[in-house]
Amino acid sequence: MKLFSLRLTTLKSKLYAIVFASFVVRVVAFFALPNSASNLAPDEGTYAGLAEAVAKGVPVDETQFGEGLYLISRTFTVPASLLIRVGFSSLDAVRLIASLYGLLTFSLIAFILLKIIDSQQAPQSFISKNQKSVLILFAIFGLLPSHLIWSVLGLREAAMEFWVLVVFSLVFYIFGVKKSPSKLAFLGILIAIPLVFSSRPQVGWVLGVTLLIYFLFKVRAKAAQILIPLTVIGIVSGYVVTTAFSVETTDVFVAHTKIVGSSPSASSTSKSSPSNTVKPKPSKSGKETSSPTATSSPTATSSPTATTSAEFDASTLCESEGQEVSIGESKYLCSKEVEKKSIVGLKNPGVALVDQADAIPVRHEGNRVGAASAIKNLSCPITGESRLDKYFCIAYRAPYMTFTFLFRPILGVDITSSSSAFAATENTFWLGAALFVLVMFIRNRRLAFIGALAPSLLFFSIYSVAAGAYEGNMGTAFRHKSLIVWVVLLILASTIVATQQRKAEQQEISGTSQE
């Protein structure tokens, strides 16, 4: 008697079987991994320690990890902290969360494929006629060694990829499946963009810029008109929730004449007297802020009661309400005029984006330090230090750096360790895929489903150029490349369809000419 019967007769059942195979591989990998941070991903220990600190309720700014790392990895470390609270070790917790994100991403792709079939969209015919190709591409996505490894180890790559794919899935649903505004999809995009920022802010910026460019091109569509402001809100929200800032309160005091003396040199006396030096006073936020002077504070200088230069000078000595200060023979009574609040640490999002771009050369050099697979810099013809000079050098190096990011290490050229040999072996797939797409594009002169692929291709292009400029070593670049595997597979599928369309057109022309 059979306890169960598994019949892989439909595309749906085959997709689910591959998802289940991925689940089994992840379970085996979880138990096979060592009980310490692996050599492939030493950052596992960092994320595990941070998740443990969060689970114990320790203020993250008091730990060695700092508040910054916590803010840019919350989608990963916070769920891991919940597992730690129920008894898992910190390393097991981050690995389980990473693996769960990876499995959710794989399941999401399967769900999208099935929705396309049900929606009777243009790609549906390709899926129906090319089930074998679809299953192979789907299996590559889920079981490609590096892609699988980075979503099994305790790293935030899997969380980042999941939320990026959620955004693009919802965009495809709005413009490709439903083709009309959807409140739930809009809400999903609005929520998912900050979650991408909370996985890796740099990717959040790339995603935000990609979406804005795409929606601006589609601005005639009502959905795009709604999504443009929503995307801006999502970007601003993502920036705010991943930036450490504080609200500081400063009391502004003005000194009023209490006893007027006859010394004509009162103001010069106050400036030369060492006893009148004012130290920074703590604000209500607990941080030290310098007491604003009457001459620099708009509120104090505009006060109708501080009318003389002596009163302005006396105001600089005030530290509390009702304090009595002396300048020469004159005495003044301090009163609080206004309480100023300022946000420290936040910038205009546009300025923050420019700062990200300005920091690329510095971070590139930092990523090269101590790396066995450091990427050799291409010399730039301009050696200036201005912003324009640096941007020119980034653009000048872009072709070389983008190629390095996508296709290196290369077998026989860049091998420095067993890890780089593994990466170089897999990169033969990337090189082969690129050559196939290039050759067939020249022959076909088209890509199928270009409208549906547009946002993904735009993201792929911007991300590859930006990451190429940012990365300083091939090991980190190889890991970060896993984020765009799904786009590469979409391009392959599009190329296969375009090839079939060209052959069908040639057969039709040939049949017509014979008649």
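The values are calculated or read from the model by the stated rules, or taken from the named source; none is laboratory data. Note that the structure is a prediction, hence the values are computed from the model and not measured. In this analysis, Cβ positions are derived from the backbone assuming ideal geometry, glycine residues included, and neighbour counts consider all displayed protein chains. All accessible areas refer to the heavy atoms of the entire protein, side chains included, with ligands and DNA or RNA removed. Shrake-Rupley method; radii C 1.70, N 1.55, O 1.52, S 1.80 Å.
R0 = 51 Å: FRET efficiency of K178 with F30, Cβ-based, nearest 0.05?
Working: r = 38 Å, r/R0 = 0.74.
Calculated transfer efficiency: 0.85.
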Dipole axis of region 1-91 (+1 Lys, Arg; -1 Asp, Glu on Cβ), positive-most option in V54, V27, V78:
V27
With a Förster distance of 35 angstrom and the Cβ-Cβ distance between I233 and V439, calculated FRET efficiency to the nearest 0.05 equals 0.20
Compute the long axis of helix 485-514 from its Cα atoms, compare it with the longest principal axis of the Cα atoms of the chain, and write down the angle in degrees, 0 to 90, nearest 10.
40
Share of accessible surface on carbon and sulfur in the chain, whole %, 1.4 Å probe and ligands ignored, is 63
Would you mind calculating the gained length between K347 and F186 on full extension (0.36 nm times residue separation, minus the Cα-Cα distance), in nm to one decimal?
55.3 nm
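Given R₀ = 25 Å, FRET efficiency for V78-V413 by Cβ-Cβ distance, to 0.05?
0.05
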Pairwise label distance in nanometres, Y391 with K129, each label 7 Å out on the Cα-Cβ vector:
4.6
If you take semi-axes √(5λ) of the Cα gyration tensor in Å from the coordinates, which of (i) 51, 27, 22; (ii) 57, 27, 24; (iii) 54, 40, 22 do you get?
(ii)
Net lengthening on full extension, V58/T383 (0.36 nm per residue, minus Cα-Cα):
112.4 nm
Are any of the pairs K14/K115; K115/K179; K12/K183; K178/K222 more than 23 Å apart by Cα-Cα distance, and if so, which?
K12/K183
Could you pull out which residues in region 428-464 have an amide N less than 19 Å from a spot 7 Å beyond the Cα of I136, following the Cα-Cβ vector?
428-441, 444, 448
At the level of C-alpha centres, the distance separating region 173-208 and region 63-124, in angstrom, is 16
